[in-house]
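Down below is the structure, laid out as structure tokens.
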Amino acid sequence: MNYMNTPVADAKAVNELLARYGVKFGIYKNGTFNEQLFPFDAIPRIISAEDFSAMEKGLVQRVDALNLFLKDIYSDGKIIKDGIIPEVFVYISKGYLAPCAEITPPKGIYSHISGIDLVQAQDGTWYILEDNLRIPSGASYPLIARELCRMASPGAFENNRIADNRNYASLLRSTMDHVNCGGINVILTPGRYNAAYFEHSYFAEKTGAILVQNSDLFVENNILYMKDYQGGKTRVGAVYRRISDEYLDPMTFLPESLIGVPHIMDAYRAGNVAIINAPGNGVADDKGIYYFVPKMIKYYLGEEPVLKNAPTYLPFYEEDRKYVLDNLEKLVIKDVSEAGGYGVVFGRDMTKEQLSDWRRLITEQSRRFIAQEIIDFIDLDVMENDRTVLRKADLRAFVLSGEKTQVWASGLTRFSRKANSFVVNSSQGGGFKDTWVLLPE
Amino acid sequence: MKRLRFEYETKLEFSQCVTGHSFTLRCTPFSDGRQTISEPVCEISPKLGEVWRSRDSFGNILICGRMDEPHKDFSFKVSGEAQIVNSCGGSGAAAAFYGFQTPLTFPGEKILSFYERNKPSAADVLSRAEELSASLYEHMTYIRGVTGTETTAEQAMEMHSGVCQDYAHILLSLLRIEGIRCRYVSGLAFEFGETHAWVEVHDGVRWTGIDPTHNRLIGDRYIKLCHGRDYADCPIERGIYIGNAGSIQTVSSRITEI
């Protein structure tokens, strides 16, 4: 490939700008917090207009079905009664929150911002790796990288028909406005020691929402307010919260939470504020529930899934368990209760003893794991010391559900910085690329 | 049928002034098929800040509030009249989540082996629950102070001792192994000067209360304040505040027949 039309020549300048703008990612390791730059590779991932249009259809369908699933699970549970999903997978999931039962969020939307991780196999087929319906992060990185690339090499964007991704802020804004229950929009951050603090402040600036911490908010008579500087109060209609469910409200969830807002769940239950994304979404992006998403699409929408799941086995089912135990060497095992690339092990990396330990663990705790075929996903060119090398990469697509469900024509491409490694998570030291979606000819 | 007059009060004395105090109280009983509550009154002291009502997903009445101003004590007192018709709880379906273990009821080796040794044999749900309650009652010794609010069913089983909360958690754990939907209840009982905890069992049609601490079905001298999957779902009082203060809690309750 010829990179003359890409910002590669200016990669160094772009990375310097990223550092200057504070585009960072925080990592906790051995109990200490370190901020590190999120390494940017200037060679973009390019997705053709045709490819994107199919992907778009599949993502909208998937997110619509997941939203319907959440609504169902927290009310009638029809999909369980109809025998499509065994109830144990729902109620044992750590993401299922009984305190959210019977609450219908504003406009019935649970997952407003969905981050769907995909990989492209060698034959060009896209596979869904996982759904992130809680607080998927990462949209700010390609957004600011694009902004800086446009400054560094404007020619690249004049000479290529690339979908403009700068609409993310307005998509986010209209998603918040759509469910706003009267009042201002705020972004609730745990503060600057959070891994994604850069993103919180960046979105606040771009959407006009106010960046707040819990001490800026309070609830009275089931209404959420923001304190202003004069000692007055302003009603809040929508909270894009960037703290996880268990820390959200110390009166309902973890009482020791110091970053939550007491009684925010009461305001939410009363229908006086939208919480973006809704609490309790973890039950739908659980690795165990993932297996059932294609079935959900058929069940709720009566459609065939456009995008494929990676071939997945649930050791919970005897037939699947037998297959997993017999083929462990070639499978990847994921612990359903872990996220962010933690709790992922590859059978091919195991010694004989480890294999037999894992076989025993899988047999004993069959609900805790899923097993997947390893998809040999494509390598992308990455610049390393002035030459290109091949590295595994995935794509996080962002789907926003407001008045309608829309896919952002861009996304976060993450790559592994180690040769032959399939783990691309930023928390595991991966880097990122901009994602160019080409416009139709 | 009995008509009861109840009064229940909790006082918290802090070792020094606290501020930014948020609280949620599940101290207000509500009517179901078994108990009809008339005119419950909840008085909160001191009178600082806002107090309002809410509900939770388990159907409990919540009294919520915030006191930003410094205060050194906090109390709430609820009183009213209850008409108790029989020993059975309300009818209606039980949410599926009542059939699953929680972190507090999750069985470990001790509970699992106890269950294996004491598998109930009766055909109907309520009789099986009573069998489990009877075995548990035999096995346990009521001792105060060895367990706390965060003690799990498994830990209490290991010590084979505890208080009403522990008896209730272990019974819930056993019932859920048995596949019976059940819930934790906090309330007032005639002969106790404090709050009490017991279990409600769903037989597919309606709820029935069992008191494992006394190995009996609850009678018409029990008033339910709130329920959930376990204690953590429905503490009678939950509060957070700013201030490096300890607190001393005193609880008193009085039930009289009318």
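Every residue in region A:261-271 that is within 11 Å of chain B (Cβ to nearest Cβ) and in contact (Cβ under 8 Å) with a residue 60 or more places away in the chain, please.
Selection gives A:261, A:265, A:268, A:269.
Quick check on region B:90-109. Is at least one of its residues more than 14 Å from every other protein chain (Cβ to nearest Cβ) and under 30 Å from residue A:103 (Cα atoms)?
Yes, that holds for at least one residue.
Select from region A:383-404 the residues that are within 16 Å of the chain's Cα centre (by Cα) and more than 12 Å from residue A:139 (Cα to Cα) and list them in ascending order.
Result: A:393, A:394, A:401.
Restrict the check to region A:65-85 and report whether at least one residue is touching a Pro at 6+ places or on another chain (Cβ under 6 Å) and surrounded by fewer than 18 Cβ atoms within 10 Å (Cβ to Cβ).
no
For region A:293-304, does any single residue satisfy the condition of being of a type in the set (Ser, Thr, Tyr) and surrounded by fewer than 21 Cβ atoms within 10 Å (Cβ to Cβ)?
yes
Just one of B:29, B:46 is open to solvent by less than 10 Å² (accessible area, probe 1.4 Å) and more than 14 Å from every other protein chain (Cβ to nearest Cβ); which is it?
B:29
Any idea which of (1) open to solvent by 10 Å² or more (accessible area, probe 1.4 Å); (2) of a type in the set (A, V, I, L, M, F, W, C); (3) touching a helix residue (DSSP H, G or I) at 6+ places or on another chain (Cβ under 8 Å) is the one residue A:390 doesn't satisfy?
Only one criterion is unmet by residue A:390, namely (3).
Count, please, the residues in region A:161-192 that happen to be open to solvent by 40 Å² or more (accessible area, probe 1.4 Å), under 20 Å from the mean Cα position of the chain (by Cα) and touching a residue at least 60 places away in the same chain (Cβ under 8 Å).
2
Can you name the residue in region A:174-232 that is hydrophobic (A, V, I, L, M, F, W, C) and assigned to a loop (DSSP other than H, G, I, E, B) and is also nearest to the other protein chains (Cβ to nearest Cβ) among such residues?
Looking at the filtered set, the residue picked out is A:181.
Can you work out which of the residues in region A:241-251 that are under 20 Å from residue B:235 (Cβ atoms) and touching a strand residue (DSSP E or B) at 6+ places or on another chain (Cβ under 8 Å) is farthest from the other protein chains (Cβ to nearest Cβ)?
A:248
Return a yes/no flag: does region B:74-85 have any residue that is assigned to a helix (DSSP H, G or I) and either open to solvent by less than 70 Å² (accessible area, probe 1.4 Å) or under 22 Å from residue B:235 (Cβ atoms) (or both).
no
Of these, B:194, B:150, B:200, B:158, which one is surrounded by fewer than 23 Cβ atoms within 10 Å (Cβ to Cβ), in the same structural domain as residue B:133 (by TED's automatic domain parsing), in contact with a Lys or Arg (Cβ under 7 Å, 6 or more places away or on another chain) and not small (Gly, Ala, Ser)?
One residue alone meets the criteria, B:158.
Taking residue B:34 as meeting all but one of (1) open to solvent by less than 20 Å² (accessible area, probe 1.4 Å); (2) closer than 24 Å to residue A:224 by Cβ, write down the number of the exception.
(2)
State yes or no: is residue A:119 of a type in the set (Val, Ile, Thr), more than 20 Å from residue A:300 (Cβ to Cβ), away from chain B (no Cβ under 12 Å) and outside any loop (DSSP other than H, G, I, E, B)?
It is true that residue A:119 is of a type in the set (Val, Ile, Thr), more than 20 Å from residue A:300 (Cβ to Cβ), away from chain B (no Cβ under 12 Å) and outside any loop (DSSP other than H, G, I, E, B).
So which of B:173, B:186, B:247, B:253 is surrounded by 20 or more Cβ atoms within 10 Å (Cβ to Cβ) and assigned by TED's automatic domain parsing to the domain that holds residue B:10?
Being surrounded by 20 or more Cβ atoms within 10 Å (Cβ to Cβ) and assigned by TED's automatic domain parsing to the domain that holds residue B:10 holds for just one of B:173, B:186, B:247, B:253, which is B:253.
Condition first: assigned to a loop (DSSP other than H, G, I, E, B) and within 14 Å of chain B (Cβ to nearest Cβ). Now tell me which residues in region A:96-116 satisfy that.
A:96, A:97, A:101, A:102, A:103, A:104, A:105
Take the residues in region A:123-160 that are part of a loop (DSSP other than H, G, I, E, B) and of a type in the set (S, T, N, Q), then tell me which one is least open to solvent (accessible area, probe 1.4 Å).
Out of the qualifying residues, it is A:153.
Being over 20 Å from the mean Cα position of the chain (by Cα), on the phi < 0 side of the Ramachandran plot and surrounded by fewer than 17 Cβ atoms within 10 Å (Cβ to Cβ) is the filter here; which residues of region A:194-212 pass it?
A:205, A:210
Against the definition (buried (at least 19 other Cβ atoms within 10 Å of the Cβ), farther than 30 Å from residue B:258 by Cβ and at pLDDT 95 or above), how does residue B:57 come out, yes or no?
yes
Quick check: anything in region A:427-434 in contact (Cβ under 8 Å) with a residue 24 or more places away in the chain, touching a strand residue (DSSP E or B) at 6+ places or on another chain (Cβ under 8 Å) and closer than 23 Å to residue A:173 by Cβ?
Scanning region A:427-434 turns up at least one residue that is in contact (Cβ under 8 Å) with a residue 24 or more places away in the chain, touching a strand residue (DSSP E or B) at 6+ places or on another chain (Cβ under 8 Å) and closer than 23 Å to residue A:173 by Cβ.
Report whether or not residue A:330 is under 28 Å from the mean Cα position of the chain (by Cα), among the charged types (D, E, K, R) and open to solvent by 40 Å² or more (accessible area, probe 1.4 Å).
Considered against the rule, which asks whether it is under 28 Å from the mean Cα position of the chain (by Cα), among the charged types (D, E, K, R) and open to solvent by 40 Å² or more (accessible area, probe 1.4 Å), residue A:330 comes out as yes.
From the list A:232, A:260, A:347, exactly one residue is over 19 Å from the mean Cα position of the chain (by Cα), among the small types (Gly, Ala, Ser) and open to solvent by 10 Å² or more (accessible area, probe 1.4 Å). Which is it?
A:232
Do you know which residues across region A:77-95 are within 13 Å of another protein chain (Cβ to nearest Cβ), on the phi < 0 side of the Ramachandran plot, modelled with pLDDT of 95 or more and not in a helix (DSSP H, G or I)?
A:85 - this is the single residue of region A:77-95 that is within 13 Å of another protein chain (Cβ to nearest Cβ), on the phi < 0 side of the Ramachandran plot, modelled with pLDDT of 95 or more and not in a helix (DSSP H, G or I).
The values are calculated or read from the model by the stated rules, or taken from the named source; none is laboratory data. Just so it is clear, the structure is predicted and the values come from calculations on it, not from any experiment. Cβ coordinates were reconstructed from backbone atoms using ideal geometry, including for glycine residues, and neighbour counts include every protein chain displayed. Ligands, DNA and RNA are stripped out before the accessible areas are found, and what is left, the full protein with its side chains, is counted by its heavy atoms. Shrake-Rupley method; radii C 1.70, N 1.55, O 1.52, S 1.80 Å.
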